[in-house]
Amino acid sequence: MDRFGFAHAFATRVGGVSAAPFDTLNLGFRLGDHDDAVRENRSRFAASLGIPIARMFEQHQVHGTHVYAVSASDDVDRVQALEGDALVTRDSGFGVAVRTADCVPVLLAHPSSGNVASVHAGWRGAVANVVTNAIEALGRSPDELVVAIGPHIRRDAFEVGEEVAQQIDDAAPGGDAVDRSRHKPHGDLARLINHQLREAGVRDDRVDDVGGCTYRDAAQFFSHRREAGRTGRHLSAIVARDAGSPSGSP
């Protein structure tokens, strides 16, 4: 996405002011961390994207499939109270963000228009096609999109029951999104989402998986599963820009 001029970021847990067990760049409120520390962390994160925190939209995530389109006229606090798991914006200089601590953050961008979307894809939302819904809400040709998949719990750490495994299988038939070579199934959310992106018409060469396992790499990432919920949250965000492709060709 960098070559298309989109400011975007997947936060790690490093570079903030929060104390353990939220050390140090916790970006989520109402987890037990001090609000002042979270505010400072969030200001730092927004500054890394070149925008004030007042221009970054989030919502009340519920592991669902609803997508909201937001604009400069929307109130950030009002949007924060809305239930949903994906945001779209077409207004230059405004960002859309999702919070994660094992779920998959997915960022979408359309280079020629500058439009962007962010998606929170836990396994429930992923199997229910939240990523596909976000692509449709962008309203742009899927083969013109660029996509970044962020750090999340990877297959080796994501042990699931057979019921969940079957839902993942059903959502990605033939996509090898479940590993049944072990004692219990393990879900591969990256494979699931890549399968859905391909089915939606997104080109493979326009999808970048940045890597990173939130569960295995405790030095870099928070993990809800590893810490039984007593941990921080990451933000992943992308900022809409003016139309046109400043560098690189779609």
Inset, instruction - Test Val96 against the criterion of being surrounded by fewer than 16 Cβ atoms within 10 Å (Cβ to Cβ) and either more than 20 Å from Leu145 (Cβ to Cβ) or not acidic (Asp, Glu) (or both), and give yes or no. - result: no
Inset, instruction - Just give me the residues in the range 104-132 being touching a Leu at 6+ places or on another chain (Cβ under 8 Å) and either more than 14 Å from Ile193 (Cβ to Cβ) or open to solvent by 10 Å² or more (accessible area, probe 1.4 Å) (or both), in sequence order. - result: Ala109, His110, Asn115, Val116, Trp123, Val127
Inset, instruction - Check whether at least one residue in the range 149-158 is open to solvent by 10 Å² or more (accessible area, probe 1.4 Å) and on the phi > 0 side of the Ramachandran plot, and report yes or no. - result: no
Inset, instruction - Report yes if Asp188 is closer than 25 Å to Ile238 by Cβ, surrounded by 19 or more Cβ atoms within 10 Å (Cβ to Cβ), touching a residue at least 12 places away in the same chain (Cβ under 8 Å) and among the acidic types (Asp, Glu), otherwise no. - result: yes
Inset, instruction - Looking only at the range 172-197, count how many residues are over 18 Å from the mean Cα position of the chain (by Cα) and outside any loop (DSSP other than H, G, I, E, B). - result: 3
Inset, instruction - Give just the number: which of (1) open to solvent by 70 Å² or more (accessible area, probe 1.4 Å); (2) touching a Leu at 6+ places or on another chain (Cβ under 7 Å); (3) hydrophobic (A, V, I, L, M, F, W, C) does Leu235 not satisfy? - result: (1)
Legend entry - Residue that is at pLDDT 95 or above, closer than 30 Å to Phe6 by Cα and in contact with a strand residue (DSSP E or B) (Cβ under 8 Å, 6 or more places away or on another chain), where the choices are Val210, Val164, Val178: Val210
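The values are calculated or read from the model by the stated rules, or taken from the named source; none is laboratory data. Remember, it's a predicted structure, so these values are computed and weren't measured experimentally. For neighbour counting, all protein chains shown are included, and Cβ atoms are generated from backbone atoms with ideal geometry for every residue, glycine included. In case anyone asks, the SASA skips ligands and DNA or RNA and just uses the protein heavy atoms, side chains included. Shrake-Rupley method; radii C 1.70, N 1.55, O 1.52, S 1.80 Å.
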